[in-house]
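See below for the structure under consideration.
The values are calculated or read from the model by the stated rules, or taken from the named source; none is laboratory data. None of these values were measured; they are calculated from a predicted model. Please note: Cβ atoms are built from the backbone with ideal geometry, for glycine as well, and neighbour counts cover all protein chains shown. Please note that ligands, DNA and RNA were not included when accessible areas were found on the heavy atoms of the full protein model with its side chains. Shrake-Rupley method; radii C 1.70, N 1.55, O 1.52, S 1.80 Å.
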Amino acid sequence: MKFMSNGNGNGNESVQFPYRQVYSGVLGNAVATPIVTLSAQNQSTGEWFNIELEFDTGAMISLLPRSAAAVLGINLVKGYPITLMGVGGALIRAYVHPVTIKFQRQQLEIYVAFATVEVPPLLGRFTVFNQIGEIELNNESGVLVFEKIRMESLPKLPGWEWEIEPPQANPALATISLMSPIAIALIIAASVA
């Protein structure tokens, strides 16, 4: 499966991530999963921390647990408030923050939703796909490849004119689905059986 950005693709960096076998409690066995290792910068100290995230083409936005906000020097509740909906309709409160990341030597700015609870880390589409010219999920060789990586400016989020206190967002308008196509298929299969 290959995804191509409509951007100019002028970056020349190519990064590969081998799939890993990850145990699935739902399926009862290990599943080949594209895991991305990247570095994220602490906003206070400038120190870099390695983070492993599941690459989820069904996730609208990248997601990290509450504990990652502390490690990255981020005041969780100072971000843009949203409510995420996961598999089974579970609602998760989160706050979106800009984060500086690196894939090997290529540095990017992305938006990350930090949950108020511990959740599995996911690398989603918003502000990631547009900065990567080509994304290839090669199930045969078990490798995820990012090519033509280039930094672009982050878009403004609605209501981000504030400096100290975030606006009170309407959760119904700020709900983002983190359900991947595989998860949807599993839910449909389980309800049919």
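Screening region 86-113 for residues that are polar (S, T, N, Q) and assigned to a strand (DSSP E or B) and picking the one that is modelled with the highest pLDDT gives T100. Looking across region 46-62 at every residue that is crowded, with 16+ Cβ neighbours inside 10 Å and polar (S, T, N, Q), the one that is modelled with the highest pLDDT is identified as S62.
Quick check, is T83 in contact (Cβ under 8 Å) with a residue 40 or more places away in the chain, in a strand (DSSP E or B) and among the β-branched types (V, I, T)? Answer is yes for this residue. Every residue in region 26-44 that is of a type in the set (S, T, N, Q) and either outside any strand (DSSP E or B) or in contact with a Leu (Cβ under 6 Å, 6 or more places away or on another chain) (or both), please. Matches in region 26-44: N42, Q43, S44. Inside region 138-176, residues that are modelled with pLDDT of 85 or more and open to solvent by less than 20 Å² (accessible area, probe 1.4 Å) make up a count of 4.
Condition check ((1) crowded, with 16+ Cβ neighbours inside 10 Å; (2) without any contact (Cβ under 8 Å) to a residue 24 or more places away in the chain) across all residues:
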residue: L64; (1), (2): yes, no
residue: A70; (1), (2): no, yes
residue: I74; (1), (2): yes, no
residue: V77; (1), (2): no, no
residue: H97; (1), (2): yes, no
residue: L122; (1), (2): yes, no
residue: R125; (1), (2): yes, no
residue: V128; (1), (2): yes, no
residue: I132; (1), (2): yes, no
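Of the residues contained in region 45-53, one or more are found to be of a type in the set (S, T, N, Q) and either part of a loop (DSSP other than H, G, I, E, B) or out of contact with any strand residue (DSSP E or B) (no Cβ under 7 Å at 6 or more places or on another chain) (or both).
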